[in-house]
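See below for the structure under consideration.
The values are calculated or read from the model by the stated rules, or taken from the named source; none is laboratory data. Not measured: the values here are computed from a predicted model. When we count neighbours, we look across all protein chains shown, and the Cβ atoms used for this are built from the backbone with ideal geometry, even at glycine.
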Amino acid sequence: MKLYNSLTRSKDEFVPLNPPHVGVYICGPTVYSHSHLGHGKTYVSFDVLVRYLRHLGFKVRYIQNITDVGHLTDDADSGEDKIERQARLEKLEPMEIAEKYARSYFRDMDALGVLRPDVSPRASGHIPEQIELVRTLLKNGHAYEVDGYVYYSVSSFPEYGKLSGRKPDELIAGARVAVDRGKRDPRDFALWKKAGPDHILKWNSPWGWGYPGWHLECSAMSMRYIGDTLDIHGGGLENIFPHHESEIAQSEGATGRQFVRFWLHNNMLTVDGQKMGKSLGNFKLLRDVFEKFQPMVVRLYILRSHYRSQLDFTDEALESARSGFHRLAAFRRRLGDAGVAEGGPSEEVEALISSAETEFFKAMDDDLNTPGALAAIFDMVRAGNSLLDGGETPEDLSALAGSMDLLAEEILGLDLAGHSSSSESVEGLCHVLAETRGVLRKNRLFEAADRMRDSLEGVGYTARDLPDGRSEITRK
């Protein structure tokens, strides 16, 4: 398997440091609001990474943090803590905000079929580890303290910029020009910040009452649960600078060892071609999207795009994903609960499965190419339906069901059986009726097919006849 490594800027063959063990750390959410579609894209993408590694036989320790302190509103060293700001707006305690939105995040991820991490450490629960890391950096000469603030000295780490590819002058241009509170260099970043009298989230430290910088938590917690060197560290493309760049500097400055062997970054999501943002009025919360589209449809929509590609959200794209999901679910229903048959499948079905699985794994080994993997599954569904139309056996059904369960459900995480709400069940039934209508048309029973079309339109669906004789439905 090859993965695109942001550090080397190339696809590198993945070999863990201590096989078969693999340490994976993914930057988790800052829990001050409900999760949006961008979160869905990120965590579904990395969920597939973990699922595939486990399928390949690796023993994965999957760590994903929960940020509940230290992430400021400008994503750097200035502004207000995002948790505290939301607590003030909602008139709640900061930890109430963290609990409220952490629970909301996990509800949304559960709905999307995202596996829970092995550990979900919270920044506020690992303050001692973060303080100890700051102590080490001060001792090693990579940090300095000024009146309760501790800063990382970027000039002490010549490799700063190796992940983002930024040159020293670009780093200065990207930093805040104002050098305040004794900061020696505008590129330097805060490891520990002094808390003012009104700051709620604060802890006692050797430098007085304060709180950790945002970058510090990921270094401290990832090394706590995985070790000095991680096999894989993932996050959004926007995290490369300054967040991940600073993680490298403080981690390698403390240990003298390589911090991460493979850096994986997920591209952003746009809405109708524009960057998603509250100010643009195109902010899409997952919980709102789920009211219109089944979570598994959203998951399929995400997987139809490569994790390193930009994904554009439109209602039309979700409708297309809905149609695709129901094609997969209908095929899996057709296979039924076949169980394990005594004999083997027919030569045609065996060849079909072998070809589909070869293409599937070829795609997945190429930097988790989920669009290619899905294409292999849809090819198997299309050809499988044709073969079964000519006659089916328990052995053929069993073999196809086993392959679908492995590829679509175990690895890609698509729950084709589904746990639908009543409205989704009605929709599923409508798709079954559409499939039946296709069979009626194929047998030239046009009057019955037309009555079924009218019934579908009566409950809010439009039936469209496809060139291959099948019928497809969409919401009006």
From the option list G208, G273, single residue qualifying as of a type outside the set (A, V, I, L, M, F, W, C), modelled with pLDDT under 95 and at positive phi is G273
So which residues in the range 33-59 are touching a residue at least 40 places away in the same chain (Cβ under 8 Å), under 23 Å from M223 (Cβ atoms) and outside any helix (DSSP H, G or I)?
-> F58
Determine, yes or no, whether V69 is surrounded by fewer than 24 Cβ atoms within 10 Å (Cβ to Cβ), more than 14 Å from the chain's Cα centre (by Cα) and on the phi < 0 side of the Ramachandran plot.
-> no
Just name the residue that is farthest from the chain's Cα centre (by Cα) out of those in the range 383-399 that are on the phi < 0 side of the Ramachandran plot and surrounded by fewer than 14 Cβ atoms within 10 Å (Cβ to Cβ).
-> G390
Options E291, E316: the member that is more than 23 Å from C218 (Cβ to Cβ), without any contact (Cβ under 8 Å) to a residue 12 or more places away in the chain and part of a loop (DSSP other than H, G, I, E, B) | E291
Residue satisfying all of: in the range 106-121; crowded, with 22+ Cβ neighbours inside 10 Å and assigned to a helix (DSSP H, G or I); farthest from the chain's Cα centre (by Cα) among these | D108
Being of a type outside the set (D, E, K, R) and part of a strand (DSSP E or B) is the filter here, so list the residues in the range 60-79 that pass it.
-> V60, Y62, I63, Q64, I66, T67, L72
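Go through the range 143-162 and report how many residues are surrounded by 22 or more Cβ atoms within 10 Å (Cβ to Cβ) and not in a strand (DSSP E or B).
The number of residues fulfilling the criteria is 2.
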Within the range 231-285, can you find the residues that are crowded, with 17+ Cβ neighbours inside 10 Å, among the aromatic types (F, W, Y) and assigned to a loop (DSSP other than H, G, I, E, B)?
-> F259
Members of the range 100-136 found to be over 22 Å from K41 (Cα atoms) and small (G, A, S), listed by number | A123, S124, G125
Identify the single condition in (1) more than 15 Å from A254 (Cβ to Cβ); (2) in a helix (DSSP H, G or I); (3) more than 30 Å from the chain's Cα centre (by Cα) that T136 does not satisfy, given that it satisfies every other one.
-> (1)
Tell me, please, whether a residue that is in the same structural domain as A123 (by TED's automatic domain parsing), polar (S, T, N, Q) and under 14 Å from the mean Cα position of the chain (by Cα) can be found in the range 42-62.
-> yes
Inspect all residues belonging to the range 347-360 and state whether any of them is within 23 Å of the chain's Cα centre (by Cα) and surrounded by 20 or more Cβ atoms within 10 Å (Cβ to Cβ).
-> yes
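Only residues that are within 20 Å of the chain's Cα centre (by Cα) and not acidic (D, E): list them for the range 237-260, please.
If the condition is that a residue be within 20 Å of the chain's Cα centre (by Cα) and not acidic (D, E), then L237, N239, I240, F241, H243, H244, V260 are the ones that fit.
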Tally of residues being assigned to a loop (DSSP other than H, G, I, E, B) and crowded, with 24+ Cβ neighbours inside 10 Å across the range 190-230 | 1
Got at least one residue in the range 212-219 being more than 30 Å from V48 (Cα to Cα) and over 20 Å from the mean Cα position of the chain (by Cα)?
-> yes
